[in-house]
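Reading through the structure tokens given below for one structure.
The values are calculated or read from the model by the stated rules, or taken from the named source; none is laboratory data. Note that the structure is predicted; figures quoted are calculated from it, not measured. Glycine gets a Cβ as well: all are built from the backbone with ideal geometry, and neighbour counts include every protein chain shown. In case anyone asks, the SASA skips ligands and DNA or RNA and just uses the protein heavy atoms, side chains included. Shrake-Rupley method; radii C 1.70, N 1.55, O 1.52, S 1.80 Å.
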Amino acid sequence: MKKLIAKPQLAFGEAVKLAFSRLTQMSGRSRRSEFWWFMLVYVVIYWVLGTIVPLVLPPMAAEIGVGAIMLLALPATARRLHDTGHSEWWVIVSWALNIVLSIYLVQCGFIDELQSVNADPMKAVSKLSMPVMGIGGLVLAVTSFATFIFCLIDSNPQANKYGQSPKYEVVEENDAL
């Protein structure tokens, strides 16, 4: 008879080391402990790049750093989704929509309107009420929320199309007592 045995949770150092060793690997599966410890480090680095770095470097350098660090979180999230049996397309769509809507907000003049000396809030709101923002924002919210929930779910104990479970090990149980 086969029995599933859960391996011990990864410690902080072990999880971050494993995640950083697979920064560009979109295939495979990642356990919750690996993913969430990596996300803690990611959020700290993201915060430093977005908050501290612009104080000492040009804002564009900080934006490039933030963009690069966002790219590094994509494979880790894809592997976490794989572990729960979901496609990486959830995070890819969410990430791509975030970029598209950000570019749209700059191109339509929303950012310029907010940064102007005599900003008119109604002009800014009118740009946000455009159909592309409503539909794009709704799809972004749904895909982001779904991705977050999928990352919270426990590993699928059985092997799936993305590989063997990194958390559970199948062992033969001896029937004789």
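Only protein heavy atoms count here; on that basis, with a 1.4 Å probe, Leu23 has an accessible area of about 40 Å². What is the helix-to-structure angle for 32-47, meaning the angle in degrees between its Cα long axis and the longest Cα principal axis of the chain, kept from 0 to 90 and rounded to the nearest 10? Value to nearest ten degrees: 20. Counting heavy atoms of the protein chains alone, Asp112 has an accessible area of about 100 Å² for a 1.4 Å probe.
If the chain between Ala119 and Val100 were fully stretched, how many nm would it gain, using 0.36 nm times the residue separation less the Cα-Cα distance?
Values: separation 19, 0.36 × 19 = 6.84 nm, distance 2.40 nm.
Between Ala119 and Val100, full extension yields an extra 4.4 nm.
Helix 89-107 and the long axis of the chain differ in direction by around 10°, with both axes built from C-alpha atoms. For the chain, the longest principal axis of the C-alpha atoms and the axis of helix 12-21 are separated by about 70°.
Measuring only protein heavy atoms, the 1.4 Å probe finds Ile5 accessible over about 70 Å². Normalised by 2.2 N^0.38 Å, where N counts its residues, the alpha-carbon radius of gyration of region 85-141 equals 1.35. Projected onto its three principal axes, the C-alpha set of the chain covers 82, 38, 21 Å, listed from the longest axis down.
With every protein chain kept in the model, how would you rank Lys123, Lys167 by accessible area, 1.4 Å probe, largest at the top? Numbers along the way, then the final one.
Numbers: Lys123 110, Lys167 35 Å².
So the residues, ranked largest to smallest area, are Lys123, Lys167.
Under the rule of -39500 (n - 2.57) per DSSP H run of 4 or more residues, summed and divided by the residues of the chain, what mean residue ellipticity at 222 nm is obtained, to the nearest 500 deg cm²/dmol? Walk me through the intermediate numbers first.
Values: 8 runs with 110 residues, N = 177.
Result for the chain, helices only: -20000 deg cm²/dmol.
All alpha carbon pair distances within region 1-70 were sorted into 10 Å bins beginning at 0; the resulting P(r) in whole percents reads 18, 37, 27, 12, 4, 2, 0. Using a Förster distance of 41 Å, how high is the FRET efficiency between Ser129 and Leu23, based on the Cβ-Cβ distance and rounded to 0.05? That gives a FRET efficiency of 0.55.
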